[in-house]
């Protein structure tokens, strides 16, 4: 008995020679068809368990970060940033940082729901980090499932490799600056959209279908790319990262361009977006040299920034391998000569790595890709575009994926199946030690004093960390220590205008107004656009009741910063002392327009209206102040006086009684209430 396949073969052989036809036809029994394998639920279960372990580890090692205070750039971007305080004021927060709308919007949402409760700011940062960790896990799986890698022996261990790559990513202490340092959410958030865009793209390419879901994946990739580009500038390397993915893992044939291919169209669209965004958001001014400021004593130019980055990148690699002596504000030497030993050796090492990546392209695609990824994702912040600070740890957050993928796969390949348990043990030990270091590093971020104490020990000759520690001492009312730190900072850098202005504040606390004014004036001479120094000198002159000088300095601060709400408020107070009530009202109104949540400005404007006899307007302002601060006793008593002047004694009595309820020792309120009672008895 023959099956259909054998009958067809017999037909084909009908014209063969007789000798061939005499050969007996071999008969095969029917093969039993095996049903398709069902998905192994155990594998899905292990995936979920693996992700759960990764997420729980991340929560555990960052559990001590929730009480860490705001730091450093958190103050101008979050604490003192009035632009993020109104969700509906789109114009305000949209223009605060024109190239980072998405990350600033996350600040707006955080403030809208939780105000300045630091725990919830840390919670959002940690959630983003955990999402990124899951994306790293998924991207690693996609890479080992790609056409070029999936048939290699290492791809059999893709789940283990994805697990350990994600573990290394979530636990490494170098990520603390992107997670625990709140404002650097920008670095982790851009990585989230960056990873997401690549994951969508790879999933669409690997599915290979032209159905609707595939187009949705490409659309998701494009949207994620746009979101990344409006989160932080280093996202502009994303199209090139997708090219890397395509060349290294997805393209098995010779590269051709087909304009009917949705991938080509997506790539062209992304480049068009970049071409449109770059002229709108940036100009050639980004290449301008940056003069000494922020405590630096050097000018940053495109050339010396580039030369310095050779050593900086080597430092990043060292920190990834050996994350010790981490710092917020490194005292890193700027290179002005290519032939300096440090610069030349660093350059040769980096060139060697690039050559290695090229040589390994065909032999070890993973290592070649990871080196390429590392350099590409550092390109924006470690090239020839000068940035104030030549080194910051958060810049390694996105590039570190390449390092962790090399480390996990390299250890696994090195020991292969023969020493599989040893490879796992090594990766577990590395993860454990990194987790411990991360937990300990978060302790350093606890508050301003712990952070800057640590920094001063590691960078004792840099002015800014010492000045920042002085600020921490000042907040703790340890004025003598603050004065010592400010003076030391000025000794290191005599032109450090911030330290001069800060020391002036301490002199003001000690009532040494001449010294305070001298420091403010010196800061202004160094930097004529330093608005805070004008404001602080205005406060000093106001305390000395030199109102004209105070008004001049407040005006100087406002001229530099038209949205300087407290400068308007203080100038309004100065006008009040001069009994120039209309000017005072105008300034208080301006301050209220900038910061409508500050009840003191409403109260002060109410006082000015009261002095003009405009009692209804005064009552309205006192009421606004009370709505903002229900315990504002002066607003109650002043509103009671205003009601009394309008003959509304019942309302006046209620306000005086409320004042006494808030402060039983408020003697003026008792006498005013007695007057109200008498008036009510006379009326009766």
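Any chance you could list the semi-axes, whole Å, largest first, of the equivalent ellipsoid that the Cα gyration tensor gives for the range 376-473, using √(5λ)?
Result for the range 376-473: semi-axes of 35, 21, 9 Å.
Sort 67-75, 191-199, 139-147 by the packing proxy (mean of other Cβ within 10 Å over each peptide's residues), most packed first. Working shown, then result.
On the way: 67-75: 17.4, 191-199: 24.2, 139-147: 21.2.
Result, highest mean Cβ count within 10 Å first: 191-199, 139-147, 67-75.
Return 137, 581 ranked ascending by Cβ neighbour count within 10 Å, so the fewest neighbours appear first. Kindly include the intermediate steps, with their values, before the conclusion.
On the way: 137 24, 581 19.
The most exposed by this proxy come first: 581, 137.
To the nearest Å, what is the center-to-center distance of the range 75-106 and the range 339-374, using C-alpha atoms only?
39 Å
What's the angle, to the nearest 10 degrees (0 to 90), between helix 341-359's Cα axis and the longest principal axis of the chain?
In the chain, helix 341-359 runs at an angle near 40 degrees to the longest axis.
Residue separation times 0.36 nm, minus the C-alpha to C-alpha distance between residue 73 and residue 213: what's the value?
On the way: separation 140, 0.36 × 140 = 50.40 nm, distance 4.21 nm.
Using 0.36 nm per residue and subtracting the Cα-Cα distance, I get 46.2 nm.
Where a ≥ b ≥ c are the square roots of the eigenvalues of the C-alpha gyration tensor, would you call the range 474-523 rounded, which needs a/c under 1.5, or, failing that, prolate if a/b is larger than b/c, or oblate?
Details: a/c = 2.15, a/b = 1.14, b/c = 1.89.
Here the range 474-523 falls in the oblate category.
When ranked by the protection proxy of mean other Cβ atoms within 10 Å per residue, highest first, what sequence do the peptides 319-332, 369-382 form?
Per-residue mean Cβ counts within 10 Å order the peptides as 369-382, 319-332.
For the chain, what is the calculated [θ] at 222 nm in deg cm²/dmol (nearest 500), taking -39500 (n - 2.57) for each run of four or more DSSP H residues and dividing by its residue count?
Value at 222 nm, helices only, nearest 500: -21500 deg cm²/dmol.
Extending each Cα 7 Å along its Cβ direction at residue 515 and residue 66, get the distance between those two points in nm, one decimal.
4.4 nm
Rounded if a/c is under 1.5, else prolate if a/b is larger than b/c, else oblate: which is the range 513-668, with a ≥ b ≥ c the root eigenvalues of its Cα gyration tensor?
Verdict is prolate for the range 513-668.
If you take the square roots of the eigenvalues of the alpha-carbon gyration tensor of the range 97-137 and sort them as a ≥ b ≥ c, do you get rounded (a/c under 1.5), prolate (a/b over b/c) or oblate?
Judged from the Cα gyration tensor, the range 97-137 comes out oblate (a/c at least 1.5, b/c at or above a/b).
Report the gain in length on full extension from residue 414 to residue 156: 0.36 nm times residue separation, minus Cα-Cα distance, nm rounded to one decimal.
The residue 414-residue 156 span can extend by a further 91.4 nm.
Along each of its three principal axes, how wide is the spread of alpha-carbon positions in the range 142-251, in whole angstrom units, largest first?
For the range 142-251, the Cα extents along the three principal axes come out at 41, 31, 22 Å.
At 0.36 nm per residue, and after removing the present C-alpha to C-alpha distance, how many nm does the segment from residue 543 to residue 389 gain when stretched out fully? All intermediate terms of the calculation are to be shown ahead of the outcome.
Values: separation 154, 0.36 × 154 = 55.44 nm, distance 3.72 nm.
Net length gain for the segment: 51.7 nm.
Order of 498-507, 335-344 by packing, highest average Cβ count within 10 Å first?
Peptide ranking by packing, descending: 498-507, 335-344.
For Cα extents along the principal axes in Å, several values are listed as [x] 137, 71, 48; [y] 84, 64, 57; [z] 83, 61, 48; flag the one computed from this structure.
Answer by label: [x].
May I ask you to give the average projected area over all directions of the convex hull of the Cα atoms of the range 425-577, in nm² rounded to one decimal?
About 11.3 nm², averaged over all directions.
Starting from the Cα of residue 46, step 7 Å along the direction of its Cβ; do the same at residue 331; then give the gap between the two resulting points in nm.
Simple spin-label model gives 5.2 nm for this pair.
Residues of the range 591-607 with the amide nitrogen closer than 15 Å to a label point 7 Å from the Cα of residue 86, along Cα-to-Cβ, please.
591-599, 602
What FRET efficiency comes out for the pair residue 650/residue 115, r = Cβ-Cβ distance, R0 = 41 Å, nearest 0.05?
Given R0 = 41 Å and the Cβ-Cβ separation, E is 0.70.
Which angle from 0 to 90°, rounded to the nearest 10, does the C-alpha axis of helix 158-171 make with the longest principal axis of the chain?
Roughly 20 degrees between the two axes.
Could you work out how far helix 513-526 tilts from the main Cα principal axis of the chain, as a 0 to 90 degree angle to the nearest 10?
40 degrees
Rule-based calculations on the coordinates, nothing more; no lab input. Remember, it's a predicted structure, so these values are computed and weren't measured experimentally. Heads up, the Cβs are rebuilt from the backbone with ideal geometry, glycines too, and the neighbour counts pull from every protein chain shown.
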